[in-house]
Amino acid sequence: MVLLFDVGNTHTTIALTREGKEFEKYRISTSKYETEDELYAFLKSFFKDYVENLPIVVSSVVPSVNVVFEYFAQKYGNGEVYFVRAQDYDKIIWNVHYPKEIGADRVCDVIAAKKDYGNNCIVIDYGTAITIEVLRDGVYEGGAIMPGFAMMVNALFKGTAKLPLVELKPYPTFIGKDTESNIQIGAINATIGAVKYVIEHIVKEFREAPRIIHTGGQSVFVKNIVDGIIDKDLTLRGMYYFYEEKKNTARKPLD
Ligand SMILES: Nc1ncnc2c1ncn2[C@@H]1O[C@H](COP(=O)(O)OP(=O)(O)O)[C@@H](O)[C@H]1O
Ligand SMILES: CC(C)(COP(=O)(O)O)[C@@H](O)C(=O)NCCC(=O)O
Ligand SMILES: [K+]
């Protein structure tokens with residue numbers, strides 16, 4: 001059994017898995033824990049199974065909480081903590097200027113896409129930010145980062161006197177008749193359009209048609225709107241594959 005912690009800027013997904021196929025998972029706000037004991041309290045309230053003395057894998061794009069997992073591994077784990085980093089995964093060529101810069105969530109998405117969908121994929125992950133990954137002939141070529149749907153709505157709310165925060169959902173038509181629908185069209189429909197635009201241009205760089213995979217907390221927004229498949233557990237599987245590659249090479253926490 002392995003404990004996975006997918007730490008995003010909005011949510012941390014905690015998952016227990018045996019072989020990286022099935023995941024018992026829970027989602028908490030990343031802002032809700034600052035110590036290993038607080039984190040452990042969440043796990044004890046969620047999992048019925050024994051979650052102590054396990055190796056832990058962390059995909060974190062929030063450096064300030066990384067130390068919590070070091071302490072967690074020491075106090076509640078088996079002492080093994082694996083932080084996902086591109087530079088530690090040499091089964092993929094990271095053909096970008098600075099592989100160390102790539103967000104761990106993006107690394108996980110690429111690892112899982114290659115293993116589960118092949119060498120030619122475009123992965124879009126809809127979270128706080130929307131990330132786009134390009135895997136061509138088995139090589140990671142880079143991608144794009146866009147504001148997420150909530151960030152777009154928040155920007156209008158924070159940047160204006162009168163615009164409200166609206167419910168995050170695409171609007172069924174494209175001519176809004178009230179402020180809420182105007183914002184949903186401009187912040188959500190238009191962001192989906194931007195994703196489609198970037199994908200169109202990336203596809204032209206491929207010789208053969210790439211697989212298109214959508215993942216992340218808000219991937220449901222593009223269902224039946226953008227070509228491709230929705231795979232909600234892609235990041236978690238990427239974390240597990242990273243662990244399979246690196247297990248038994250963990251350094252002791254706080255070394
Ligand atoms: N069970 C859920 N509870 C709350 N929000 C959810 C849930 N499932 C998906 N979401 C959506 O996922 C978003 C967070 O997506 P996520 O990919 O976890 O972001 P990040 O990785 O940037 O933290 C939330 O803002 C919400 O819109
Ligand atoms: C782009 C991201 C903020 C997305 O994170 P998330 O939306 O999951 O919170 C994250 O992948 C990140 O911090 N990346 C580092 C910069 C880069 O990947 O080039
Ligand atoms: K993400």
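Gain on full extension, evaluated as 0.36 nm per residue between VAL220 and LYS232 minus their Cα-Cα distance, stands at 3.4 nm. Under a model in which nothing but the beta-carbon of Lys, Arg (+1) and Asp, Glu (-1) is charged, the range 178-255 shows a dipole of about 400 debye around its Cα centre. Using Cα springs under 10 Å in a Gaussian network model of the chain, which residue among LYS114, LYS32, LYS48 shows the largest mean-square fluctuation? Of the options given, LYS48 has the highest mean-square fluctuation.
Partners of LYS204 within straight-line reach, counting lysines whose Cα lies under 27 Å from its Cα and excluding those fewer than 8 residues away in the same chain: LYS91, LYS114, LYS115, LYS196, LYS223, LYS232. Here, P(r) means the percent of Cα pairs in each 10 Å bin from 0 to the largest distance; for the chain it is 7, 30, 32, 22, 9, 1.
Given +1 on the Cβ of Lys and Arg, -1 on the Cβ of Asp and Glu, and no further charges, what dipole in debye does the range 1-82 carry about its Cα centre, rounded to the nearest 20?
Approximately 220 debye in magnitude.
For a quick check, take a GNM of the chain with Cα springs below 10 Å and name the residue from TYR197, TYR82, TYR40 with the largest mean-square fluctuation. In this elastic network of the chain, the residue with the biggest mean-square fluctuation among TYR197, TYR82, TYR40 is TYR197. Annotation: amide H of GLU80 within the under-5 Å range of ILE56, sequence separation 5 or more or interchain, hydrogens built in the peptide plane. Between the listed residues ILE56, ILE111, THR215, the Cα displaced farthest toward the positive end of the dipole of the chain, a dipole computed from Cβ unit charges relative to the Cα centre, is found at THR215. Remark: spin-label model distance GLN74-ASN95 equals 4.2 nm, labels positioned 7 Å along the Cα→Cβ axis. Once the mean of 1/r is taken over each pair of separate Cα atoms and inverted, the range 1-82 shows a Kirkwood hydrodynamic radius of 12.4 Å. Relative to the longest principal axis of the Cα atoms of the chain, helix 149-159 runs at roughly 70 degrees. Each Lys or Arg adds one and each Asp or Glu takes one away; over the other residues whose Cβ falls under 14 Å from the Cβ of LEU156, this sums to 0. In the context of the full set of protein chains, the chain has a per residue accessible area of 51 Å² (1.4 Å probe). Residues within the reach of a label modelled at GLU22 (point 7 angstrom out along Cα to beta-carbon, backbone nitrogen below 18 Å), restricted to the range 33-66, are 47-51.
Shape summary of the range 163-255, radius of gyration then Dmax from alpha carbon positions: 18.9, 59 Å. Backbone N atoms of the range 95-111 closer than 12 Å to the 7 Å Cα→Cβ label point of GLN87 belong to residues 98-102.
Just how large is the dipole of the chain about the Cα centre, in debye to the nearest 20, putting +1 at every Lys and Arg Cβ and -1 at every Asp and Glu Cβ? It would help to have the intermediate numbers written out before the result.
Details: 30 positive and 34 negative charges, 68 e Å.
Roughly 320 debye for the chain.
Could you tell me how many degrees, from 0 to 90 and to the nearest 10, lie between the Cα long axis of helix 36-46 and the main elongation axis, the longest principal axis, of the Cα atoms of the chain? Once rounded, one gets 80 degrees.
The values are calculated or read from the model by the stated rules, or taken from the named source; none is laboratory data. A quick note: this is a predicted structure, and the numbers were derived from the prediction, not measured. FYI the Cβ positions are ideal-geometry reconstructions off the backbone, even for glycines, and counts take in every protein chain you see. The area values use the complete protein model at the heavy-atom level, side chains included, leaving out ligands, DNA and RNA. Shrake-Rupley method; radii C 1.70, N 1.55, O 1.52, S 1.80 Å.
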